[in-house]
1. Running Debye on segment 45-84 with equal point scatterers at the Cα sites and no solvent, what base-10 log of I(q)/I(0) appears at q = 0.23, 0.25, 0.32, 0.33 Å⁻¹?
2. Would you compute, for the Cα atoms of segment 146-190, the largest minus smallest coordinate along each principal axis and list the three values in descending order, in whole Å?
3. Do me a favour and compute the ellipsoid semi-axes for segment 35-158 from its Cα gyration tensor, root of five times each eigenvalue, largest one first, whole Å.
4. Using Cα pairs under 8 angstrom and six or more residues apart, how large is the relative contact order of segment 57-163, in percent?
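Each reported figure results from applying straightforward, stated rules to the coordinates on display, with no laboratory input. Keep in mind that what you see is a predicted model, and the values were worked out from it rather than measured.
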């Protein structure tokens with residue numbers, strides 16, 4: 001005789017089995033739906049833009065070095081000479097806000113070592129140095145300013161740095177040229193590869209926007225030494241990434 005017994009599951013066990021079955025089905029469906037994304041195809045290009053401009057501002061260094069047996073005497077002589085330098089700059093049309101002290105020092109001077117000098121560290125005098133940085137906005141005044149500085153007693157002149165006071169318009173033109181260069185390269189590469197350019201994904205700028213100073217001396221001025229400001233180049237580089245359709 002066959003006896004059939006009915007299997008009775010508790011409510012808790014039935015619920016756990018149901019949840020496990022649903023989790024297994026959901027996991028299978030999720031695993032079947034996932035597909036590895038294909039890497040996006042891109043073209044990356046660099047573009048360069050250069051624009052030249054004529055400097056309209058000059059920066060120079062001038063000062064006085066004075067020596068005396070005492071620090072007080074050297075300072076007195078230096079102060080008198082620098083007052084003449086400041087007066088000469090004002091007479092040349094340089095406003096006070098374009099003149100700035102860049103260095104001031106008082107240093108002892110020592111005797112030179114030698115066979116007849118057993119004490120080479122003996123102080124023999126003092127040297128006072130006072131230097132100012134001068135910005136000349138009108139380059140036609142540069143030659144007369146240099147002449148006035150030397151005549152007033154400035155015995156220390158630094159190099160002349162020519163700059164462009166407002167390089168932003170030139171930098172904007174260089175940026176536009178750099179973007180156009182990168183766009184042309186991207187189109188050429190896409191055509192050569194037989195693909196179609198998609199949207200622009202990223203653009204990044206590198207390179208200097210403000211030109212560095214240029215040191216020069218040459219062109220003849222009406223008064224004073226000959227000066228040549230030449231030209232300055234502003235260079236901008238951009239990196240652009242395009243999608244490939």
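1. Result of the Debye calculation: -0.81, -0.86, -1.06, -1.08.
2. Result, largest extent first: 66, 18, 10 Å.
3. Semi-axis lengths for segment 35-158 are 48, 28, 12 Å.
4. 49
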